[in-house]
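To start, the structure itself, in structure tokens.
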Amino acid sequence: MRKRPIIGVTMQHTQLLASHAHLREPEKSMSQRPVIGVTTQTLHSIDGIPPGLPQSVVMNQRYYVAVTLIGAAPILIPLLDDEPDALRGAYEVCDGILIPGGVDVDPNYFGEEPHPKLGRIDPARDRTEMQLALWAVEDKKPILGLCRGLQVLNVALGGSLYQDLEEQYPDAIKHDYFPTYGFERDHLAHEVTLAKGSRLRHLMELDRIHVNSMHHQGIKTLAPALTASAIAPDGLIEAAEVAGDHFCVGVQWHPEVFELTDPHTRHVFREFVTAAGRFGAKAA
């Protein structure tokens with residue numbers, strides 16, 4: 001039987017998927033695979049990119065590999081911030097939205113001037129993801145935010161951020177274990193406590209977990225629509241979700257690094273994709 005093609009496949013992607021074939025969910029037909037829209041970033045928002053390269057959008061393959069192995073059909077959503085009809089069309093195709101990690105969120109979105117420690121920003125990505133987040137919450141379309149994705153969810157729904165934890169959060173532990181500082185992406189930096197009664201705790205089946213940590217911004221004021229579902233030892237909110245039956249979850253760490261090896265993390269991705277499948281079936 002001919003297998004469904006994976007959008008954007010390269011030899012490297014194929015090798016990564018093949019090396020973890022034993023972790024695949026049972027094969028689904030093309031019509032059964034929920035479509036997960038994965039947002040992208042501007043190439044030149046990344047440090048060290050030569051200015052002469054063509055304007056492009058990119059995203060780490062690990063994000064869409066994670067949902068592919070669970071049984072989704074991932075697509076990459078371009079930064080269509082200046083084409084709202086086209087962006088809405090891309091959104092409508094998706095059964096779920098995944099907002100990955102990336103650069104800092106523009107503080108203008110929560111009414112602050114840039115702090116001297118503010119890092120790179122990506123205005124087109126901010127505009128695109130804020131709009132997608134608002135649509136998803138309004139439509140109760142499943143949405144999963146990872147690292148920056150949690151911050152985007154919070155800001156889109158009316159919350160604010162610390163622009164730099166070391167400077168603005170006096171009791172902060174170290175959160176910026178970046179690969180550029182010599183740390184591996186799977187470095188377990190600290191523990192978080194999962195809130196009783198939260199969707200996240202139910203899915204992880206644990207009350208405490210150790211997480212990686214690659215951020216210097218964090219939630220300052222939690223958006224009214226969100227409930228904190230994980231807390232770091234210094235009191236920083238490390239995950240949040242919308243209560244009720246809408247799958248709207250954001251975590252401050254990078255679970256896509258552990259999805260291939262940790263069954264508890266895999267539960268989160270599986271429930272996200274399952275929720276997207278239910279949403280798509282209902283909308284059909």
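Taking into account only those residues within the stretch 231-284 that are charged (D, E, K, R) and assigned to a loop (DSSP other than H, G, I, E, B), which is surrounded by the fewest Cβ atoms within 10 Å (Cβ to Cβ)? This residue is 245.
Among the residues of the stretch 149-165, is any under 24 Å from residue 211 (Cα atoms), in contact with a strand residue (DSSP E or B) (Cβ under 9 Å, 6 or more places away or on another chain) and hydroxyl-bearing (Ser, Thr, Tyr)? Within the stretch 149-165, one or more residues are under 24 Å from residue 211 (Cα atoms), in contact with a strand residue (DSSP E or B) (Cβ under 9 Å, 6 or more places away or on another chain) and hydroxyl-bearing (Ser, Thr, Tyr).
Within the stretch 74-89, if we keep just the residues that are hydrophobic (A, V, I, L, M, F, W, C) and closer than 15 Å to residue 143 by Cα, the residue that is surrounded by the most Cβ atoms within 10 Å (Cβ to Cβ) turns out to be 77. Among the residues of the stretch 94-129, those identified as in contact (Cβ under 8 Å) with a residue 12 or more places away in the chain, surrounded by fewer than 20 Cβ atoms within 10 Å (Cβ to Cβ) and part of a helix (DSSP H, G or I) are 107, 109, 110, 123, 124, 127. Looking at 195, 136, just one residue is within 16 Å of the chain's Cα centre (by Cα) and not aromatic (Phe, Trp, Tyr), and that residue is 136. Quick check on residue 144: is it in contact with a strand residue (DSSP E or B) (Cβ under 6 Å, 6 or more places away or on another chain), crowded, with 20+ Cβ neighbours inside 10 Å and under 19 Å from residue 256 (Cβ atoms)? Answer is yes for this residue.
Any read-out appearing in this document is the output of simple, stated calculations on the displayed coordinates, not a laboratory observation. Quick caveat: nothing in here was measured; it's all calculated off a predicted structure. When we count neighbours, we look across all protein chains shown, and the Cβ atoms used for this are built from the backbone with ideal geometry, even at glycine.
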